[in-house]
């Protein structure tokens, strides 16, 4: 069976973003290359189907010049990296849009709204960077994330014949 294309979503504009309110006990900041091990641990926990090493993390998020910033939410009391998202620009492919990249929350923090919060932080970052919209690509099985993106104003983009039935399976028509 051939591999299905990614699902793509777009937030058409960034002028009406909700405020970014951090929950008590968490810090939001950019990470540095010195924190590759911590970020690799977070990405491995968020995406257990993949193997993230410090080298893979470096190659995907620091060596890739289209990735402009990687944000992380850190639990202050423990120093644990709880959620992450990267702000990527692919101007030729998506002119004027920020590309939301590698959004994930550590499994022990799921259900606390941190995926929404880190996504919103990246959207605010895109607006600061001068982007007018945002785009992302993901897989069908990431249903909780897809619903988070829909609640944040992203809309499905149908760019191949498989997308309509796939989206209908995720969000049945009303």
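The values are calculated or read from the model by the stated rules, or taken from the named source; none is laboratory data. Remember, predicted model here, so these are calculated numbers, not experimental data. Virtual Cβ from ideal backbone geometry, glycine too; neighbours counted across all protein chains shown.
Is at least one residue of segment 117-138 in a loop (DSSP other than H, G, I, E, B) and at pLDDT below 95?
The answer is no, given that none of the residues of segment 117-138 is in a loop (DSSP other than H, G, I, E, B) and at pLDDT below 95.
Condition (residue is assigned to a helix (DSSP H, G or I) and buried (at least 18 other Cβ atoms within 10 Å of the Cβ)) applied to segment 149-159: is it met by at least one residue?
yes
Go over the candidates 86, 44 one by one and state the one that is modelled with pLDDT of 95 or more, within 16 Å of residue 107 (Cβ to Cβ) and not in a loop (DSSP other than H, G, I, E, B).
Of the residues listed, the single one that is modelled with pLDDT of 95 or more, within 16 Å of residue 107 (Cβ to Cβ) and not in a loop (DSSP other than H, G, I, E, B) is 44.
Evaluate segment 53-66: report whether one residue or more is part of a strand (DSSP E or B) and more than 18 Å from the chain's Cα centre (by Cα).
Within segment 53-66, not a single residue is part of a strand (DSSP E or B) and more than 18 Å from the chain's Cα centre (by Cα).
Whether any residue in segment 64-78 is more than 22 Å from residue 127 (Cβ to Cβ), modelled with pLDDT under 95, surrounded by fewer than 16 Cβ atoms within 10 Å (Cβ to Cβ) and touching a strand residue (DSSP E or B) at 6+ places or on another chain (Cβ under 9 Å) is what I want to check.
No.
Search segment 22-38 for residues being free of Cβ contacts under 8 Å to residues at least 40 places away in the same chain and part of a loop (DSSP other than H, G, I, E, B), and hand back the single one that is surrounded by the fewest Cβ atoms within 10 Å (Cβ to Cβ).
24
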